[in-house]
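Take a look at the structure set out below.
Just so it is clear, none of the values below were taken in a lab; they were calculated from the coordinates. From a predicted model like this one, the values you see are computed outputs, not experimental measurements. Cβ sites come from the backbone with ideal geometry, for glycine too, and all protein chains shown count toward neighbours.
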Amino acid sequence: MKIAFFSDCYLDLTGGITTSINAQKKELERRGHTVEIFSSAFPRSENERNQLKKQHVFPVPSCRVFGRGITPIARRPAIIEKWLLKNHPELHDFDIFYVHYEAGCSIAGMRLGKELGIPVVQVMHGREDMGETNIIPFGFRTFVARALNMFHSWYLPHRITIKPDDYLADSTAKAKMWTLMVNHANFADYVLTPSEHFKQKLAHYGVMNAIEVMPNGVSDDAFEPDLKPRTFKKGETFKIIWHSRVSSEKRIMPLLHALTEVDGDYRLDVFGSGGDYFRARRYVREHRLDVVFHGNAGFKSVYRKILDSHLDVLVSYNFDTFGMTLIEAESAGVPTLFVDPDMKEIVPEGGYVFAKNPSSSAMAAALNDIIENPDKIEEMSRVLLAHRDEVRVSRCVDKLEKIFESIKK
């Protein structure tokens with residue numbers, strides 16, 4: 001098959017969507033499929049573009065005014081569509097357009113799929129309502145949500161309008177973002193989402209298409225053979241790892257606050273960057289916490305550190321729909337601490353530490369309990385190793401191939 005990926009979250013970014021796309025692309029190509037990726041990107045030299053071309057990755061026309069350091073923003077969908085038709089005539093012959101976000105490049109892919117008669121599969125990855133709420137300052141949230149909603153409706157029909165309610169759309173800004181997400185999903189021919197709990201939320205707000213749950217997977221190449229269960233002994237330094245965005249929606253600051261209440265030797269290694277990066281580093285210096293910031297790093301470097309850790313952490317709340325962090329840790333046999341009950345769907349029971357609530361004190365209590373009862377690490381690790389094959393990307397792609405075959409043109 002010939003499969004074209006479209007995503008505004010890929011080039012120049014780290015995170016779950018990027019990791020998921022990379023793993024699926026590699027596995028699909030290993031099976032003989034043709035895969036091309038189109039993504040918004042920061043400006044590239046001709047040499048950089050040529051290097052990406054060899055990997056079948058193509059930056060689409062994107063805004064230059066913002067420079068580096070934030071999310072790259074694609075130009076208007078109409079401009080991208082025109083550019084794609086001119087520079088990539090091979091798209092006429094593709095079997096599937098596989099879309100992974102809801103902004104300019106992704107909208108262009110959806111519209112072009114309809115124009116060319118190519119089935120569009122949309123993956124609904126995340127809670128854009130919570131993303132907008134966490135990223136945009138309080139006084140601007142409604143304005144920004146209205147603007148994004150209006151922009152989206154210029155290109156894709158908005159047949160459903162979500163009103164503020166007492167469930168998830170408890171503000172005008174959140175209702176506008178749910179309106180955007182639901183209408184985006186309804187424009188596709190097929191909708192995928194990584195978790196059952198997010199499927200139910202999308203259906204609640206009016207996604208009419210059938211929604212298939214397809215969990216993300218970890219590249220089979222990353223799996224270390226014959227792993228032994230992780231062990232933790234009294235008196236050892238408790239090694240913890242963070243490899244998510246260093247941002248408010250991922251709640252790095254509450255975790256750092258929790259570390260001030262931890263009794264015992266620990267070390268937290270932080271991989272990634274984001275809006276709270278410098279704030280977090282300043283807090284660590286001021287409170288003399290045993291935390292090391294590594295910035296963005298390649299997956300292999302991060303995975304080696306996961307394998308050397310006792311505990312992984314993902315402490316977002318009412319935000320993540322899946323959490324690649326969780327399955328990357330599972331594939332390594334390393335337990336994870338989380339605070340969101342929705343994440344219990346992702347990790348096998350008995351393989352995680354769950355804080356009683358999202359507070360820093362509850363996280364500190366959970367960490368102190370492990371330090372006092374170190375044998376729990378080995379018990380949880382054994383559970384994860386028994387289930388680790390379930391998170392191989394090859395299993396995910398087995399299902400994906402069947403879906404593509406059933407709807408391809």
Quiz item: Under 5 Å between amide H atoms, partner at least 5 residues away or on a different chain: which partners does PHE6 have, H built in plane at 1.01 Å?
Solution: PHE38, TYR98, VAL99, HIS100
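Ranking MET380, MET253, MET150 by Cβ neighbours within 10 Å, fewest first, what do you get?
Fewest-to-most Cβ neighbours within 10 Å comes out as MET150, MET253, MET380.
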Quiz item: Along the charge dipole of the chain, which of PHE238, THR193, ASN22 sits closest to the positive end, that is, farthest toward it, with unit charges on the beta carbon of Lys, Arg, Asp and Glu (+1, +1, -1, -1)?
Solution: ASN22
Quiz prompt | Calculated FRET value between LYS82 and LYS344, using beta carbons and R₀ = 41 Å, to 0.05 | solution = 0.35
Practice problem: Place a +1 charge on the Cβ of each Lys and Arg in region 172-298 and a -1 charge on the Cβ of each Asp and Glu, then give the dipole magnitude about the Cα centre in debye, rounded to the nearest 20. | Solution: 580
Quiz prompt | Cα-centre dipole for the chain with unit charges at Cβ (Lys and Arg positive, Asp and Glu negative), debye to 20 | solution = 1380
Quiz prompt | Sparse-neighbourhood loop sites, trypsin sites (Lys or Arg not before Pro) in region 51-110 - DSSP loop, at most 11 other Cβ within 10 angstrom | solution = ARG64, ARG68
Self-check item: Label point distance in nm, GLN200-PHE143, each placed 7 Å from Cα along Cα→Cβ
Solution: 3.8
Practice problem: Run the numbers on the chain and let me know its relative contact order in percent, using alpha-carbon pairs under 8 Å that are six or more apart. | Solution: 15
Quiz item: How much net charge surrounds ALA365 when only other residues with a Cβ under 11 Å from its Cβ are counted (Lys, Arg +1; Asp, Glu -1)?
Solution: -3
Self-check item: Gained length - ASP93 relative to ARG159, 0.36 nm times residue gap less alpha-carbon distance
Solution: 20.7 nm
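Suppose only helical runs count, i.e. DSSP H with n ≥ 4. What mean residue ellipticity at 222 nm does that imply for the chain under -39500 (n - 2.57) per run, divided by all residues and rounded to the nearest 500 deg cm²/dmol?
The helix contribution divided over the chain gives -13000 deg cm²/dmol.
Between the DSSP loop rule and a limit of at most 14 other Cβ atoms within 10 Å, which trypsin sites (Lys or Arg not before Pro) in region 264-347 are left?
Those satisfying the criteria are ARG288.
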Exercise. Note the full-extension length gain between ARG267 and LYS234 as 0.36 nm times their separation in residues minus their Cα-Cα distance, in nm to one decimal.
Key: 10.4 nm
Practice problem: Name the long-range amide H neighbours of LEU156: under 5 Å, sequence gap of 5 or more, or other chain; modelled H, no Pro or chain starts. | Solution: none
Quiz item: Which value, in debye to the nearest 20, gives the size of the charge dipole of region 22-100 about its Cα centre, when Lys and Arg are +1 and Asp and Glu are -1 at the Cβ?
Solution: 340
Quiz item: Which of the GluC sites (Glu not before Pro) across region 149-247 are loop residues per DSSP, with 16 or fewer other Cβ within 10 Å?
Solution: GLU236
Practice problem: Work through the residues other than LYS199 whose Cβ is under 15 Å from its Cβ and net out their charges, Lys, Arg +1 and Asp, Glu -1. | Solution: -2
Quiz prompt | In nm, spacing of pseudo-spin labels at GLU212 and ASP189 (7 Å Cα→C-beta vector) | solution = 1.2
Practice problem: Measure off 7 Å from each Cα along the Cα-to-Cβ vector at PHE354 and ARG395, then give the distance between these two points in nanometres to one decimal. | Solution: 2.0
Quiz item: By the scheme Lys and Arg +1, Asp and Glu -1, what is the net charge of all other residues having a beta-carbon under 12 Å from that of GLY298?
Solution: +3
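Suppose the chain between GLU46 and ASP170 were pulled fully straight at 0.36 nm per residue; how much longer would it get relative to their current alpha carbon spacing?
Details: separation 124, 0.36 × 124 = 44.64 nm, distance 4.67 nm.
Separation in residues times 0.36 nm, less the Cα-Cα distance, equals 40.0 nm.
Can you compute the FRET efficiency between HIS387 and GLU286 using 1/(1 + (r/R0)^6), with r the Cβ-Cβ distance and R0 = 41 Å? Round to the nearest 0.05.
For HIS387 and GLU286, the calculated efficiency is 0.50.
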Quiz item: Sorted by packing (mean other beta-carbon atoms within 10 Å per residue), highest first, where do 35-47, 394-406 land?
Solution: 35-47, 394-406
